[in-house]
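Okay, structure first, notes after.
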Ligand code: ATP
Ligand code: MG
C-alpha cells in the first residue's frame, strides 16, 4: 500500500532538505570524491570569485572551499581506487575513504551508441569505462597542447556520439568550461554563442545525422567563424572529428595552417608523446563554485541565455538525484532520447549515469525512424531500465502506432523497463495514462510513467515522483508533474509575490532562494541579464526566483504546470492556462497533439484557438471534432473555455528540443485577426523545421 501524500516519506525527505540543508547536502556530498572536502554545504564564497561576471556577489555558494573534478568522479574513480596512480596528491578526507570501489567497472560499458539512421554503417558501438578514461586522458592532452587551460571555454558543436561525451569529459578534466551548442544550429546562431562565450577553441565533428541525410558541419563552422571574425577568434582553433563509415559523407580535409586540427591525428601524436604532447593523466580539480559548463536555453521565449552551472553543486546533486530520485543502480541502463545540447541530455545521457557508474545509451536518431518500434526494440535488445524522453516524442510514437503494436510485437520484451520519464513540456493525462497502462502490462513490476518538470536553469527536475529504492513511490496523478524534489523550494505566488495557499488556484511558480545545488550560478558574463530575467519581477515582493511558468497545487501538494506565464489567456476576464485546454483537446481519440493559444475576440477579449494534428486514421472531420471537443470542454473546464476555432495541420512548429512554438502560432492568429494574415511571424532560431509555418499561416482565417 502506498501511504497518503501528507505522510509519504518523499514529503519528509523534501522537508529535511529545506529545513536542514546543511546536513542533508553534506551527507549527499559524501557520495562524490573531493580533492579537497568542502567546509560546509552552503555559505559565503571562500575566495574572490568572479561573481560579477555571472551571478550575484551577495549570494552564498554550494560547498565552499571544496575542490572537485567532475571527470574524476565520472571516470577515474570507477576505474582506479582512489587515489589514482596519476592523480595529484589528495588532501586526505575523513569523508571519502568509504567510497565503494568496484574493480569490474573498468570493463563495464559506459556508453552504448545506437544510431538507427540508414546512413550509419555501424549502428551500434560501445565504450567501456576503462577505454573512455584512456581516450579522455589523451584528448585532454590534445587540448592542453593547443593552449586550452583552466577556466577557458571550449564550444562543442557535435551530434549524439560517443566522441561528444569524450570531448565534454576531456574539457572538464583540465578544468576548462564546456559549452555545447546543438549540432545543426545555423551558422548565425553558432556564431552568437561563440561570441557570447568567448570560447578559446571549438570541437566539432564533420557531420551530424538527420532524417534527410548527413549534414556537413564544417561549412557551418567556417561560416560562423567568418561571421564573428571581427569580434572574436577562438585562439586555439578548431578540432575536427572526422566521422568515417557514413554513407554520402566524405569527411573534409583539415588545414593545420588555418588552426584546424584533426582529432585522430592529434590523438595519435599525443599517445606517442610527439612534439611535447602527452596525455593528461591527472584530472585537474576546480573550486566547487567554479563554472563547469554553460548552456544556452532553448530560446522558446526570447534570446538564448547562457546558463552557468557550478562544478560542486552539479556533481553532488546529480549523483544524489540519479540514485535517490531516478532510482538507478550501477547495473542499470538508461536511454535518454535527448541531446547533449539540452539540459536533460547533458545531465542524464552523460553526468547522472556516469557519476553513479551505470551505463547510458547515446541515441542518434528519431523515435519513429525507421518506425515507431525503435525505442521499444532498443529497450528490449539492451535491457534498458530507465527510458527518458519528451512528451512530443511519445505523441509521435502514439500517432504512428496508435494500437501499440510495436510494443507488443513478437520478440519485444519490455520487462526490464522500470520507468518512463517525460519532461520538457506538459504531458496531457491521456498520454500518461495510456503508456502507464501499457507499462504496467508489459514493463517491470510496478513500472510507471514519471512526468517531471524542469528547466535549463534548474539543472535537475524541480518536481516529479521520487523513485527511491527506500520507499514505494507516490501514486501518479496524470496531468500533474508530481511533487517538489529535494532542494527545490517551490512556491505558488500571485503578482504581488504573496503565496497562494488555496488548492487548485493558479499562480506563478517561483523558487525560494537559496536555489538548489544543481541550479544556475548566473548567466555567463551577464549579471544584469540574470537580475532582469529571474529576480527583478519579485524583487521587494518576496525575493523569489521567477521560473516564468504558472501552475497550481492540489490538496495533496501535487503540482500541475498550466502554461508559461505569457501563455495564459484571458477569456471574458477569466485567466485560463492553455495547458488545461490542450489536455482536453488531446483527449479526443482523433487528435495526436495540439497547441492552444488565445485569439483576439471583440466580445470576450480572447477565445481559445486550437491548432491540431489529427491521427492518420481519423474518423471525424474537423468540424465534427470541434463540436465534440467543445462538449467535452464544457464538462471538464467550463463553457468559458470553449474553442473559437480549430485548424488541422500535418505538423506543429517546434523547437529542436521538442517544444511547441506557441508564440509563433499566437502571432499568426493575432495577425490574421488584424487582417495582416501574410505578415511574417517571428520564430526562434531553434526551430526544427520552418517549412511547416507557411501552410499553417495560409490556413488560419
Ligand atoms: P527559454 O527560457 O529560452 O525561453 P525554454 O524555457 O523553452 O527556453 P528550457 O529550459 O529547455 O527552455 O525549458 C524549460 C521549460 O519547459 C519550463 O520552464 C517549462 O515551461 C517547460 N517544461 C519542462 N518540463 C515540463 C513538464 N514536465 N511539464 C510542463 N512544462 C515543462
Ligand atoms: Mg525558460
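The values are calculated or read from the model by the stated rules, or taken from the named source; none is laboratory data. Every value quoted in this text rests on a predicted model; they were computed, and no experiment measured them. Methodologically, a virtual Cβ is constructed for each residue, glycine included, from the backbone with ideal geometry; neighbour enumeration extends over all protein chains shown.
Looking across 262, 248, one residue alone is away from ligand 1 (no atom under 16 Å from the Cβ), without any contact (Cβ under 8 Å) to a residue 60 or more places away in the chain and in contact with a strand residue (DSSP E or B) (Cβ under 8 Å, 6 or more places away or on another chain). It is 262.
Just checking, how many residues over the stretch 446-474 are within 16 Å of ligand 2 (Cβ to nearest atom) and touching a strand residue (DSSP E or B) at 6+ places or on another chain (Cβ under 7 Å)? Quick ask: steps written out before the conclusion?
Here is the first cut: in the stretch 446-474, the ones within 16 Å of ligand 2 (Cβ to nearest atom) are 452-463.
Right, trim to touching a strand residue (DSSP E or B) at 6+ places or on another chain (Cβ under 7 Å) and you get 452-453, 455-457, 459, 461-463.
So the count comes out to 9.
Annotation: of all residues in the stretch 328-348 being crowded, with 23+ Cβ neighbours inside 10 Å and away from ligand 1 (no atom under 15 Å from the Cβ), the one that is farthest from residue 424 (Cα to Cα) is 328.
Do the conditions hold for residue 242, that is, is it surrounded by 15 or more Cβ atoms within 10 Å (Cβ to Cβ) and either under 21 Å from residue 145 (Cβ atoms) or within 30 Å of the chain's Cα centre (by Cα) (or both)? Here the answer is yes, as residue 242 does meet what is asked. Is it the case that the stretch 320-339 has a residue that's more than 16 Å from ligand 2 (Cβ to nearest atom), on the phi > 0 side of the Ramachandran plot and at pLDDT 95 or above? Yes: the stretch 320-339 contains one or more residues that are more than 16 Å from ligand 2 (Cβ to nearest atom), on the phi > 0 side of the Ramachandran plot and at pLDDT 95 or above.
Quick grid of which residues meet (1) free of Cβ contacts under 8 Å to residues at least 40 places away in the same chain; (2) touching a strand residue (DSSP E or B) at 6+ places or on another chain (Cβ under 9 Å); (3) buried (at least 18 other Cβ atoms within 10 Å of the Cβ):
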| site | (1), (2), (3) |
| --- | --- |
| 611 | no, yes, yes |
| 617 | no, no, no |
| 634 | yes, no, no |
| 644 | no, yes, yes |
| 654 | no, yes, yes |
| 659 | no, no, yes |
| 664 | yes, yes, yes |
| 698 | yes, no, no |
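Checked across the stretch 422-439, the condition of being away from ligand 1 (no atom under 13 Å from the Cβ), over 25 Å from residue 655 (Cα atoms) and in a loop (DSSP other than H, G, I, E, B) holds for no residue.
Within the set 136, 148, the sole residue that is over 21 Å from the mean Cα position of the chain (by Cα), more than 18 Å from residue 350 (Cβ to Cβ) and surrounded by 24 or more Cβ atoms within 10 Å (Cβ to Cβ) turns out to be 148.
Of all residues in the stretch 508-532, how many are part of a loop (DSSP other than H, G, I, E, B), within 16 Å of ligand 1 (Cβ to nearest atom) and surrounded by fewer than 22 Cβ atoms within 10 Å (Cβ to Cβ)? Quick ask: steps written out before the conclusion?
At the first step, the residues of the stretch 508-532 found to be part of a loop (DSSP other than H, G, I, E, B) are 512-519, 524-526.
Pick out the ones that are also within 16 Å of ligand 1 (Cβ to nearest atom) and you get 515-516, 518-519, 524, 526.
Add one more test, that the residue is surrounded by fewer than 22 Cβ atoms within 10 Å (Cβ to Cβ), and what stays is 515, 526.
Of the residues in that region, 2 qualify.
Does at least one position in the stretch 557-568 carry a residue that is more than 15 Å from ligand 2 (Cβ to nearest atom), in a loop (DSSP other than H, G, I, E, B) and touching a strand residue (DSSP E or B) at 6+ places or on another chain (Cβ under 9 Å)? Yes, there is a match, as at least one residue in the stretch 557-568 is more than 15 Å from ligand 2 (Cβ to nearest atom), in a loop (DSSP other than H, G, I, E, B) and touching a strand residue (DSSP E or B) at 6+ places or on another chain (Cβ under 9 Å). Only one of the numbered conditions (1) more than 19 Å from the chain's Cα centre (by Cα); (2) farther than 24 Å from residue 67 by Cβ; (3) surrounded by 23 or more Cβ atoms within 10 Å (Cβ to Cβ) is violated by residue 187, and that is (3).
Scoring residue 307 on the criteria (1) within 16 Å of ligand 2 (Cβ to nearest atom); (2) under 17 Å from residue 454 (Cβ atoms); (3) modelled with pLDDT under 95 leaves a single failure, condition (3).
Taking the listed residues 592, 571, the one that is in contact (Cβ under 8 Å) with a residue 40 or more places away in the chain, away from ligand 1 (no atom under 14 Å from the Cβ), over 16 Å from residue 642 (Cβ atoms) and surrounded by fewer than 23 Cβ atoms within 10 Å (Cβ to Cβ) is 592, with no other qualifying.
Which members of the stretch 448-470 meet the condition of being in a loop (DSSP other than H, G, I, E, B), within 11 Å of ligand 1 (Cβ to nearest atom) and either without any contact (Cβ under 8 Å) to a residue 40 or more places away in the chain or closer than 18 Å to residue 11 by Cβ (or both)? Steps first, please.
Within the stretch 448-470, the first condition is being in a loop (DSSP other than H, G, I, E, B), and the residues that meet it are 452, 454-462, 465-470.
In the following step, the residues that additionally are within 11 Å of ligand 1 (Cβ to nearest atom) were identified as 452, 454-459, 461-462.
Scanning the stretch 448-470 gives 452, 461, 462.
Residues of the stretch 220-243 that are within 22 Å of residue 143 (Cβ to Cβ) and in a loop (DSSP other than H, G, I, E, B): 232, 233, 234, 235, 236, 237, 242, 243.
For the stretch 649-675, a residue qualifies if it is farther than 24 Å from residue 424 by Cβ and touching a helix residue (DSSP H, G or I) at 6+ places or on another chain (Cβ under 9 Å), and the qualifying residues are 671, 672. The test for being away from ligand 2 (no atom under 16 Å from the Cβ), more than 23 Å from residue 406 (Cβ to Cβ) and in contact with a strand residue (DSSP E or B) (Cβ under 9 Å, 6 or more places away or on another chain) does not hold for residue 486.
Need a quick list: strands (runs of 3 or more DSSP E) entirely within the stretch 285-398 having at least 3 residues that are touching a residue at least 12 places away in the same chain (Cβ under 8 Å) and under 30 Å from residue 65 (Cα atoms).
Details: elements: 291-296, 306-310, 333-336, 359-363, 386-389.
Because the criterion is at least 3 residues that are touching a residue at least 12 places away in the same chain (Cβ under 8 Å) and under 30 Å from residue 65 (Cα atoms), the strands (runs of 3 or more DSSP E) in the stretch 285-398 that meet it are 291-296, 306-310.
Here residue 581 passes the criteria (1) over 32 Å from the mean Cα position of the chain (by Cα); (2) more than 19 Å from residue 681 (Cβ to Cβ) except the one numbered (1). If residue 347 meets every condition in (1) within 16 Å of ligand 2 (Cβ to nearest atom); (2) over 25 Å from residue 80 (Cα atoms) apart from one, which number is that one? So the condition that residue 347 fails would be (2). Filtered by the rule that a residue be more than 23 Å from residue 581 (Cβ to Cβ) and in contact (Cβ under 8 Å) with a residue 40 or more places away in the chain, the stretch 417-447 gives 418, 419, 421, 444.
Just for the stretch 533-551: of the residues that are under 20 Å from residue 291 (Cβ atoms) and part of a helix (DSSP H, G or I), which one is farthest from the chain's Cα centre (by Cα)? Step by step, filter the stretch 533-551, then rank; the result is 535. Buried (at least 20 other Cβ atoms within 10 Å of the Cβ), touching a strand residue (DSSP E or B) at 6+ places or on another chain (Cβ under 8 Å), at pLDDT below 95 and part of a strand (DSSP E or B) - does that describe any residue in the stretch 195-204? No - not one qualifying residue is present in the stretch 195-204. For the stretch 168-194, residues that are part of a helix (DSSP H, G or I), in contact with a strand residue (DSSP E or B) (Cβ under 8 Å, 6 or more places away or on another chain) and touching a residue at least 40 places away in the same chain (Cβ under 8 Å) total 4. Once the stretch 1-19 is narrowed to residues that are surrounded by 13 or more Cβ atoms within 10 Å (Cβ to Cβ) and part of a loop (DSSP other than H, G, I, E, B), the residue that is modelled with the highest pLDDT is 8.
Of 436, 443, 479, all but one fail to be surrounded by 17 or more Cβ atoms within 10 Å (Cβ to Cβ), away from ligand 2 (no atom under 16 Å from the Cβ), at pLDDT below 95 and more than 26 Å from residue 21 (Cα to Cα); the exception is 479.
Does residue 571 qualify as being in contact with a helix residue (DSSP H, G or I) (Cβ under 6 Å, 6 or more places away or on another chain) and more than 16 Å from ligand 2 (Cβ to nearest atom)? Break it down stepwise before answering.
Numbers: in contact with a helix residue (DSSP H, G or I) (Cβ under 6 Å, 6 or more places away or on another chain): yes; more than 16 Å from ligand 2 (Cβ to nearest atom): yes.
For residue 571, the condition - in contact with a helix residue (DSSP H, G or I) (Cβ under 6 Å, 6 or more places away or on another chain) and more than 16 Å from ligand 2 (Cβ to nearest atom) - is met.
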